[in-house]
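Trainee: Below is one structure. I have some questions about it.
The values are calculated or read from the model by the stated rules, or taken from the named source; none is laboratory data. Owing to the predicted nature of the structure, the values given are computational and were not obtained by experimental measurement. Here the Cβ is made from the backbone with ideal geometry for all residues, glycine too, and neighbour counts use every protein chain on show.
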Amino acid sequence: MAPYLDINLKKLQSNAEQLVTMTRAKGIDITGITKCVLGNPKIAACLVAAGISSLGDSRLENIVRMKAANINALWVLIRTPSIGEAHDVVANVDVSFNSELLVIAELSKEALKQHTTHDIVLMVEMGDLREGVLPRDLAKTIEEILRMKGVQLTGLGTNLACMSGVKPSHDNMKSFSDLAKRYEQQYGLTFHILSGGNSANVKWLEEIGSPSQINALRLGEAIFIGRETLSRTHIKGLHLNAITLVAEVIESKYKPSRPKGEIGQNAFGETPSYEDNGNILRSIVALGKQDVCVAGLTPLADIDIIGSSSDHIVLDATRSPLKVGDRVRFGLDYAALLSSMTSPFVANSYTRSLG
Ligand SMILES: *Cc1c(COP(=O)(O)O)cnc(C)c1O
């Protein structure tokens, strides 16, 4: 049996619904981020059914896949596009996030060619140092954009935590809102979208009392994993393990816990060391680094991961014995979800009840 992801659509929809309720109370709309599920249309449909009307992805291919499956949403490209993508961006998405005038100029050209207007959200760098225009360059960037035809500056966005781990705080979110307010006034603009961040903003969201100016958050991991992402705290009421990974045992034997012979590097350049705990039940599942980021797996039974290579994970199943043919289920962190969803060797299976 090939390893497969067991995707519980009911749990995912419930997670999305609870986050929608939580964000709506603070005047915030969710953009559901589908990149870590490869734009899976069944999952996208769940998000829409939960009341999320805007879907974002970093990859055009994923957006095209969801549109082809007749998912209806406002489509947002959340990775700032490359120059060469301008044609496809204008043709396929409603809004793109941007940080470079050269790219925006291409989008403008393409929009005119395609007789349309393309909406852009300008990303602002608020401290995490990934994408975004520095606040001191914002005014002149906005002025340049306002001079271009075919593109409309529909909002501002910012992204924290992903790259450097900078926490969204009352202070940096307020600075971001203040910038928006200042330039709306200065240029007579209305920003329809003020997109304040990602799943790392959940704590901030819980802590803000009254609605702020920020009216959108982009959430992926919170929905799929059920945790906020600053300290990976379980978000109350959400299902953990809505998506799990299942693999089959292909060998199970009592063998020594300690390898025999002189130890050099393994296949991945590591030099592992193991204690001698006598004989243990070593069970191998048909799952490896080609399928998933093994470090992000948590066995859901009382077994331990001893090690892994391209195609094998070796488990210590001494406490809960496994035999050949048994299926082992793992919980996933973000890296494990992303890697297994994008591996061509891992199948998808769907569960439609909470069970
Ligand atoms: C990936 C990404 C998100 C979503 O992050 P999650 O941690 O999955 O919520 C939001 N915004 C941008 C720009 C991203 O690249």
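Residues checked against (1) in a helix (DSSP H, G or I); (2) touching a Lys or Arg at 6+ places or on another chain (Cβ under 6 Å); (3) among the β-branched types (Val, Ile, Thr):
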site	(1), (2), (3)
Val20	yes, no, yes
Thr23	yes, no, yes
Gly27	no, no, no
Cys36	yes, no, no
Ile52	no, no, yes
Leu55	no, no, no
Asn72	no, no, no
Trp75	no, no, no
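Trainee: Hey, can you tell me all the residues within region 199-221 that are touching a residue at least 60 places away in the same chain (Cβ under 8 Å) and in contact with a Ser or Thr (Cβ under 7 Å, 6 or more places away or on another chain)?
Mentor: Within region 199-221, Leu205, Ser212, Ile214, Ala216, Leu217, Arg218, Leu219, Gly220, Glu221 meet the criteria.
Trainee: If I filter region 80-114 down to residues being over 19 Å from Asp29 (Cα atoms) and assigned to a loop (DSSP other than H, G, I, E, B), which single residue comes out as farthest from the ligand (Cβ to nearest atom)?
Mentor: Pass one, region 80-114, residues over 19 Å from Asp29 (Cα atoms): 80-92, 98-114.
Still in the running and assigned to a loop (DSSP other than H, G, I, E, B): 80-82, 99-100, 114.
Numbers: Thr80: 9, Pro81: 12, Ser82: 15, Ser99: 11, Glu100: 15, Gln114: 25 Å.
Ranking the candidates gives Gln114 first.
Trainee: May I pose another question? Give all pairs with beta carbons closer than 8 Å in which a residue from region 52-69 that is among the acidic types (Asp, Glu) meets a residue that is in a loop (DSSP other than H, G, I, E, B) and within 12 Å of the ligand (Cβ to nearest atom); count only pairs at least 6 apart in sequence or on separate chains.
Mentor: Matching pairs, first to second residue: Asp57/Thr34; Asp57/Ile78.
Trainee: Could you please give the count of residues in region 169-204 that are farther than 20 Å from His234 by Cβ, in contact with a Leu (Cβ under 8 Å, 6 or more places away or on another chain) and not in a helix (DSSP H, G or I)? Quick ask: steps written out before the conclusion?
Mentor: Pass one, region 169-204, residues farther than 20 Å from His234 by Cβ: 169-196.
Okay, now just the ones that are also in contact with a Leu (Cβ under 8 Å, 6 or more places away or on another chain), so 172, 176-177, 179-180, 183, 187, 189, 191, 193-196.
Checking which are not in a helix (DSSP H, G or I) leaves us with 189, 191, 193-196.
The total comes to 6.
Trainee: Now for a separate question. Among the residues of region 309-340, write down those that are buried (at least 16 other Cβ atoms within 10 Å of the Cβ) and under 17 Å from Gly226 (Cα atoms).
Mentor: Within region 309-340, Phe330, Gly331, Leu332, Asp333, Tyr334, Ala336, Leu337, Leu338 qualify.
Trainee: Report whether or not Val314 is modelled with pLDDT of 95 or more, assigned to a loop (DSSP other than H, G, I, E, B) and among the β-branched types (Val, Ile, Thr). Even if it seems obvious, please write down each step before you answer.
Mentor: On the way: modelled with pLDDT of 95 or more: yes; assigned to a loop (DSSP other than H, G, I, E, B): no; among the β-branched types (Val, Ile, Thr): yes.
In short, no.
Trainee: Report, by residue number, each residue of region 141-168 that is more than 12 Å from the ligand (Cβ to nearest atom), in contact with a strand residue (DSSP E or B) (Cβ under 9 Å, 6 or more places away or on another chain) and not in a strand (DSSP E or B).
Mentor: Thr141, Ile142, Ile145, Leu146, Gly150
Trainee: Hey, among the residues in region 205-225 that are part of a helix (DSSP H, G or I) and crowded, with 23+ Cβ neighbours inside 10 Å, which one's nearest to the ligand (Cβ to nearest atom)? Explain how you work it out, then say what you get.
Mentor: Applying the first criterion (part of a helix (DSSP H, G or I)) to region 205-225 yields 205-207, 221-225.
Now narrow it down to the ones that are crowded, with 23+ Cβ neighbours inside 10 Å: 205, 222-225.
On the way: Leu205: 12, Ala222: 6, Ile223: 8, Phe224: 7, Ile225: 8 Å.
Once the filter is applied, the top-ranked residue is Ala222.
Trainee: Suppose we keep only residues that are surrounded by fewer than 17 Cβ atoms within 10 Å (Cβ to Cβ) and under 17 Å from Ser96 (Cα atoms) within region 116-129. Which one would you say is farthest from the chain's Cα centre (by Cα)?
Mentor: Thr116
Trainee: So, one more: Let me confirm something: among Leu230, Leu300, Leu240, which residue is within 16 Å of the ligand (Cβ to nearest atom), surrounded by fewer than 21 Cβ atoms within 10 Å (Cβ to Cβ) and under 14 Å from Phe330 (Cβ atoms)? Show your work before the answer.
Mentor: Numbers: Leu230 fails: under 14 Å from Phe330 (Cβ atoms); Leu300 fails: within 16 Å of the ligand (Cβ to nearest atom).
Just a single option satisfies the conditions, and that option is Leu240.
Trainee: May I pose another question? Which of the residues that make up region 169-204 are of a type in the set (A, V, I, L, M) and within 16 Å of the ligand (Cβ to nearest atom)? Talk me through it step by step, then tell me what you get.
Mentor: Just the residues of region 169-204 that are of a type in the set (A, V, I, L, M), to begin with: 173, 179-180, 189, 193-194, 200, 202.
Passing the criteria: Met173, Ile193, Leu194, Ala200, Val202.
Trainee: Quick one: in region 13-71, which of the residues that are buried (at least 17 other Cβ atoms within 10 Å of the Cβ) and of a type in the set (Asp, Glu) is nearest to the ligand (Cβ to nearest atom)?
Mentor: Looking at the filtered set, the residue picked out is Asp57.
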